[in-house]
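To start, the structure under review is shown below, and the notes come after it.
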Amino acid sequence: MTRPDFLLYHAWNSSASRKVRFCMAEKGLAFRGLVLDLNRFQHHTDWYKRLNPSGIVPCLVVDGRPLIESNLINEYLDEAFPAPPLMPDDPFDRHELRRWSKYIDDVCLPAVQKPNWTQLMRPMAEKWSDEELQGRLAAIPSQERRDLWTRMARNPFSRAEIDAALDILEDMTVQIDGYLRKSGGPWIFGARFTLADINVSPYVVRFEEERPGRLRPRVAEWWRLVTARPAWRTAEIGGFTADSERSVREAMPDPA
């Protein structure tokens, strides 16, 4: 079977991009990468929104057909390239893995955005005039993202809000501990490394950065094993194929 051509639009510090890079590395799938400059709003340009109408990263283009939403991209990859398998065999466990991945997107992603956006986006957005802010907002397709940018520009998250968000991520690590106790480890669903481990990993990165040394012993050992995987190192630093990585600025006319 001839493998398709993979073109991944992503950003190195994007949690969702990390998930897909990690999954592709576990599958041994090489891709051509195009790095979007989020600080130059390349993900809000018309040409990119034709690929991903949500205007977010990542977007995996497979033989010219775009795939979006990181959890769904990873499920596609596992179905299309079943070795090694990254879903449990038991249908109930598959349901629980999907519920867990939904929790990560619905609860953990909004939580991690509070410290992330405050650190990375606030210093830029607070300098915009009202006219500049309205111009930026007009290019953003989702109300949720428009609200985030408005907060960064005019009403930043308080320390209490950020601490509450980090409490949510800490609860996430407590839930990982519960899964490991139930399954017996070493992975969230037992002996097999799965998308449950992959999909949560970017949020553990941020929790560790914000609250170092707070992982419970069982979770700390699980995290040591995750970060020791060759695929993790590949996903974090690159090296999928020689000369695979270019920036959008180099690959196409400047969209700004």
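Rule-based calculations on the coordinates, nothing more; no lab input. Being a predicted model, the structure only gives us computed values, none of them experimental. Don't worry about glycine lacking a Cβ; one is built from the backbone with ideal geometry, like all the others, and counts go over all protein chains shown.
A few comments on the model shown:
- GNM result for the chain, Cα springs below 10 Å: residue of Met124, Met87, Met152 fluctuating most strongly: Met124
- Enclosed volume per residue, in Å³, of the convex hull spanned by Cα atoms of the chain: 129
- Fully extending the segment from Ser142 to Asp63 would add 25.7 nm, taking 0.36 nm per residue of separation and subtracting the current Cα-Cα distance.
- Couplings 3J(HN,Hα) of the stretch 123-136, computed from phi: x, 7, 5, 5, 8, 6, 6, 4, 5, 5, 4, 5, x, 5 Hz, in residue order, whole Hz [Karplus 6.51 cos²θ - 1.76 cosθ + 1.60, θ = phi - 60°; x for Gly and Pro].
- Ranking of Ile104, Ile168 by count of other Cβ atoms within 10 Å, fewest first: Ile168, Ile104
- Here the scattering of the stretch 152-195 is modelled by Debye summation over its C-alpha atoms, one equal scatterer each and no solvent; at q = 0.20 Å⁻¹ the log10 of I(q)/I(0) is -0.66.
- For the chain, relative contact order (Cα pairs under 8 Å, six or more residues apart, normalised by length) works out to 29 percent.
- DSSP loop trypsin sites (Lys or Arg not before Pro) with at most 13 other Cβ within 10 Å: longest gap in the chain: 128-256
- Multiplying the residue separation of Arg50 and Ala191 by 0.36 nm and removing their Cα-Cα distance gives an extension gain of 46.7 nm.
- Close amide H pairs (under 5 Å, H built 1.01 Å from N) link Leu67 with Leu60, Val61, Val62, residues at least 5 positions away or on another chain.
- Projecting label points 7 angstrom from Cα along Cα→Cβ for Val107 and Ser129 puts them 4.5 nm apart.
- Mean projected area of the convex hull spanned by the Cα atoms of the stretch 129-233, taken over all viewing directions: 8.8 nm².
- In the chain, helices alone account for a calculated mean residue ellipticity at 222 nm of -17000 deg cm²/dmol, with every DSSP H run of four or more residues adding -39,500 (n - 2.57).
- Computed from point charges on the beta carbon alone (+1 for Lys and Arg, -1 for Asp and Glu), the dipole magnitude for the stretch 1-120 about its Cα centre is near 460 Debye.
- Rough spin-label spacing in nm, given labels placed 7 Å along Cα→Cβ, for Asn39 and Val174: 3.7
- Ellipsoid equivalent to the stretch 1-103 - semi-axes via the Cα gyration tensor, in Å: 25, 16, 11
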